[in-house]
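Step one of this worksheet: look at the structure below.
The values are calculated or read from the model by the stated rules, or taken from the named source; none is laboratory data. Everything quoted here is computed from the prediction, not taken from an experiment. Backbone-built Cβ (ideal geometry, glycine too); neighbour counts: all protein chains shown.
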Amino acid sequence: MEALVSTVKAKRVIIFGHSHVWALRAAWKTGSFTPNTDHFSLEIPLCGTKQFPGDLINYNARGAEQINAALLSVLNTHPPAGANDVYLASVCQGNAYNAVGLLLEGPAFDFVVPGYEALPLNDGADLVPFGAIKSLIQRQCIGLTALMHRLSKLGYAGIMHFEAPPPIEDGDFVAEKLRQNNEINNSTAIVNDKYVRLKLWLTQTLIMQEICDAAGVRYVREVPATSNEAGFLADEYKKDAVHANFLYGVELLSCCERIVQDWNH
């Protein structure tokens, strides 16, 4: 009697990105996350700026776009064609919103995000047009926009982009963590109002949704059940001033597994 050979394709996810990937790698390396389904595996070959340095997209002498050399090496090692379905999961450049307003180094400002008008305004702050804030964050996402379009043309079974976790509500916690890492001193810089930081993150999510939709990439804004009622990162998932811990990594990897298993179903 001939042995039955499974025709089920294995689903493999290649995860890459910058500092927010550390939570995922910690969850994976410590065994805190284990897949719940058969025929599923993942690899995290690029984690942080040391392993993934430079711009996401470079340009040669003729002006042609070229994918970051470190990422291109990974893609060449994990081609889309083969016996298994290969998916890509980006966790790149999640701190654009923090670069714009984690710290308040000038006059206080605030703004209104479309769809989130109920969020409180900071009394006494200068009201800035939403378009101006959106433009500031968009400028930092030019490389990511080009990368998503390039990746979408390579023939992988699917491409995901995971948003960075929402900001931490407790500004004193954020300030203390920044001081511990020598990222803030006793100058006039202070941690921005919590709702301003939340609005900046929400603005980033709107931008990322637009980028991913235009490129045909699946955008994952939030990991379920990791935010508190106000929309900030829940306390049990915070690590430092802007990053989540390995417990968040477990939730994100579980979310990634569910998405892949249900892809196109």
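Miscellaneous remarks
- The one condition from (1) out of contact with any strand residue (DSSP E or B) (no Cβ under 9 Å at 6 or more places or on another chain); (2) surrounded by fewer than 16 Cβ atoms within 10 Å (Cβ to Cβ); (3) under 16 Å from residue 102 (Cα atoms) that residue 198 does not meet is (2).
- Test set (1) on the phi < 0 side of the Ramachandran plot; (2) at pLDDT 95 or above - residue 222 fails condition number: (2)
- Check on residue 164, of a type in the set (Gly, Ala, Ser), touching a strand residue (DSSP E or B) at 6+ places or on another chain (Cβ under 9 Å) and not in a helix (DSSP H, G or I): yes
- Count of residues meeting criterion [closer than 22 Å to residue 22 by Cβ and either of a type in the set (A, V, I, L, M) or surrounded by fewer than 20 Cβ atoms within 10 Å (Cβ to Cβ) (or both)] in segment 152-162: 2
Table: residues versus (1) over 24 Å from residue 76 (Cα atoms); (2) modelled with pLDDT of 95 or more.
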| site | (1), (2) |
| --- | --- |
| 13 | no, yes |
| 23 | yes, yes |
| 39 | no, no |
| 42 | no, no |
| 50 | no, no |
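- Test: residue in segment 171-193 that is of a type outside the set (Asp, Glu), in a loop (DSSP other than H, G, I, E, B), at pLDDT 95 or above and within 21 Å of residue 236 (Cβ to Cβ): no
- Residue check for residue 206: surrounded by 21 or more Cβ atoms within 10 Å (Cβ to Cβ) and modelled with pLDDT of 95 or more: no
- Subset of segment 199-211 (residues that are among the hydrophobic types (A, V, I, L, M, F, W, C) and either in contact with an Asp or Glu (Cβ under 8 Å, 6 or more places away or on another chain) or in a strand (DSSP E or B) (or both)): 208
- Residue in segment 8-41 that is farthest from residue 165 (Cα to Cα), counting only those that are polar (S, T, N, Q) and in contact (Cβ under 8 Å) with a residue 60 or more places away in the chain: 37
- Qualifying position, being more than 19 Å from residue 20 (Cβ to Cβ) and either touching a residue at least 12 places away in the same chain (Cβ under 8 Å) or out of contact with any strand residue (DSSP E or B) (no Cβ under 6 Å at 6 or more places or on another chain) (or both), among 214, 241, 225: 214
- Check on residue 46, part of a helix (DSSP H, G or I), within 24 Å of residue 237 (Cβ to Cβ) and either modelled with pLDDT of 95 or more or under 17 Å from the mean Cα position of the chain (by Cα) (or both): no
- Cβ separations smaller than 8 Å between residues 6+ apart or across chains give the following pairs from segment 117-143 residues that are of a type in the set (Asp, Glu) to residues that are part of a loop (DSSP other than H, G, I, E, B): 126/107; 126/108.
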